[in-house]
Structures are given as C-alpha cells and as structure tokens.
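Here's the structure we're looking at; comments come further down.
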C-alpha cells in the first residue's frame with residue numbers, strides 16, 4: 001500500500017484556517033514545495049533522523065549440503081535539522097485603519113503574501129541550501145549533497161556548459177516516506193500569533209504586528225531519491241536541455257524506482273521545446289513540454305541560470 005503523506009497545502013490550510021482556494025493561490029509560486037509531502041520529524045523535535053539505505057546484503061545460490069556466508073544490509077543514520085522559517089509581518093496602523101475593506105482585510109492580504117514569499121524561500125532552500133540564493137540560516141539543500149555535486153557522481157549528467165555563472169540544472173525527485181520529503185515537528189506546527197498593536201522599534205510609529213514562523217527541514221532520502229542534469233546553458237554555451245539528456249538521467253534510476261517528477265526553470269524548458277521543434281517532422285512548433293518519457297516536468301523560478309560550472 002502506498003504511503004499517503006500530508007502535502008504542504010493541507011498542512012498550511014489546517015494550521016492557518018484558510019480555505020483551499022487561498023492555499024492554492026499561495027502555492028502557485030512554489031510548485032516544487034506543493035508536490036513534496038510533509039510529515040512529522042522522527043521524534044517530534046526540530047531534529048529529524050532517518051535511515052539511508054547504503055548497502056544491500058550479499059545473497060546467492062549454494063549446492064546441497066554446502067553452506068554460504070551470511071551477510072546483512074547496511075543503513076546510515078542521517079540527521080536533518082529543522083530551521084526556523086520566519087514570515088512575521090506588520091502593517092502601518094493608520095494605513096490599515098484607512099483601508100476601505102477595514103484593517104482586517106489588509107492584515108490578511110499581507111499575511112497571504114508573506115506566506116507565499118516564505119514558501120518560495122523554502123523552494124530555493126530545497127535546491128541550494130545554505131548557498132546563495134539559499135539562506136545561510138536555513139536547512140541543508142540538495143546542491144551540497146555529495147551524490148549530486150560533481151559530474152563524476154552516478155546521479156549527475158553533464159549538459160556540456162562551461163561558462164562560469166551561466167549554468168542551470170534540471171532536477172528529478174522521488175518523494176515519499178523513504179525518499180524526499182519536508183519535515184516539521186507537528187506538535188509545534190505553524191506558529192501564527194495574535195495580531196497586536198505595537199510601536200515599530202526602528203521608526204517609532206504604531207503598527208499592527210503579527211508573529212508567524214515554523215520549524216521546517218528537508219529529508220533528502222537516499223542516493224536514488226534524486227538526480228540532476230547540470231551545466232545546462234541557454235546563453236554563451238548554447239547547451240540546451242534535450243530529450244537525450246533526460247533519457248540519460250532517467251536511465252540512472254533503478255528499475256521500478258524512477259522519479260515522480262522533474263523540475264527546471266523556464267529558459268531551460270524553452271530550450272527543450274525548441275529542440276523538439278527542430279526534430280518535428282511536420283515543422284510545426286512543438287508545445288511547451290509538460291512531461292518526458294512519462295515523467296511529469298514543470299518549472300520553478302527558484303532554479304537560477306547563474307549556477308557555477310559543475311566539474
């Protein structure tokens with residue numbers, strides 16, 4: 001039976017008491033976060049520990065009346081630390097009271113916009129971690145994972161780009177209980193405090209202030225929970241994303257354990273669309289791709305076109 005883990009949208013709607021329409025609008029700017037499940041940490045604290053399957057047991061045939069050596073599987077305990085995502089906000093007291101729909105409407109609007117911005121920060125953090133444009137105060141991301149940070153890694157395919165600070169990547173993810181998921185201590189949840197009237201300590205004027213934060217971290221799973229096509233470049237190098245590269249990446253995943261989806265940015269998706277147009281027998285422009293080889297493909301603005309060259 002497949003695990004049915006809670007999605008981020010469910011978690012937010014329940015914690016903030018907002019309807020599904022608002023939640024969907026917020027998640028439109030964070031499509032990767034919307035597709036990654038979220039669950040409680042291993043012990044309910046901000047420290048999450050999980051087993052990473054690193055070695056299969058040796059098995060084999062034997063002759064009658066002959067023995068063979070026993071072996072065992074190998075796991076490595078990995079610790080993922082949740083960090084504080086803060087989206088507290090304030091609005092000017094006088095401006096809010098002059099708002100046509102009333103101060104509550106302006107406060108709610110700012111709350112939704114701050115939450116959307118915070119989820120986009122999570123999206124960047126998943127990819128880049130503590131390296132810019134990720135936040136050095138946030139959780140560790142995939143770019144620092146030694147399974148995906150060099151062309152020699154099994155789950156990394158090189159796109160051929162060589163110009164510094166002009167590269168990008170496509171990522172493929174397998175999500176679930178043993179693979180990629182976001183984690184948070186459910187007992188703490190999203191902390192949304194009461195809105196209070198206070199004085200802004202940096203400019204000495206009254207504001208409506210609402211504290212909002214949560215602990216959140218990332219379980220990266222095992223080696224085959226993700227894959228990457230690095231060194232894609234649509235600028236100087238003209239090294240676009242192609243179906244051949246995607247095929248090479250998907251072939252690195254074990255049989256029956258392929259990714260749930262792939263994600264890149266819009267310029268890289270455009271390169272794939274143009275490569276399909278160039279090979280179209282009818283000469284008609286190919287549509288923007290939303291899949292490749294049966295695997296969903298979508299875009300996020302969290303992936304940049306200014307990555308370093310991977311070597």
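Annotations
- Screening the candidates 94, 56, 108 for the property of being closer than 25 Å to residue 211 by Cβ and modelled with pLDDT under 95 yields one hit, 108.
- Residues of the range 215-233 that are farther than 13 Å from residue 170 by Cα and touching a helix residue (DSSP H, G or I) at 6+ places or on another chain (Cβ under 8 Å): 216, 218, 220.
- Tally of residues being in contact with a strand residue (DSSP E or B) (Cβ under 7 Å, 6 or more places away or on another chain) and either in a strand (DSSP E or B) or modelled with pLDDT under 95 (or both) across the range 236-280: 5
- Residues (surrounded by fewer than 20 Cβ atoms within 10 Å (Cβ to Cβ) and over 30 Å from residue 243 (Cβ atoms)) located in the range 163-184: 177
- Residue list for the range 124-159, filter: surrounded by fewer than 16 Cβ atoms within 10 Å (Cβ to Cβ) and in contact with a strand residue (DSSP E or B) (Cβ under 7 Å, 6 or more places away or on another chain): 137, 150, 151
- Evaluation of residue 178 against the conditions (1) modelled with pLDDT of 95 or more; (2) under 24 Å from residue 254 (Cβ atoms) shows that the sole unmet condition is (1).
- Checking the range 113-123 against the condition returns a match, with at least one residue being in contact with a helix residue (DSSP H, G or I) (Cβ under 7 Å, 6 or more places away or on another chain), surrounded by fewer than 19 Cβ atoms within 10 Å (Cβ to Cβ) and at pLDDT below 95.
- Check on residue 192, surrounded by 21 or more Cβ atoms within 10 Å (Cβ to Cβ), more than 20 Å from residue 297 (Cα to Cα) and in contact with a helix residue (DSSP H, G or I) (Cβ under 9 Å, 6 or more places away or on another chain): no
- 3 or more residues within 21 Å of the chain's Cα centre (by Cα) and under 30 Å from residue 207 (Cβ atoms): qualifying strands (runs of 3 or more DSSP E) within the range 76-166: 83-86
- Selection status of residue 198, loosely packed, with under 14 Cβ neighbours inside 10 Å and closer than 29 Å to residue 82 by Cβ: yes
The values are calculated or read from the model by the stated rules, or taken from the named source; none is laboratory data. As the structure is a prediction and not an experimental result, all values here were calculated from the model. Note that we place each Cβ from the backbone using ideal geometry, even for glycine, and neighbour counts take in every protein chain shown.
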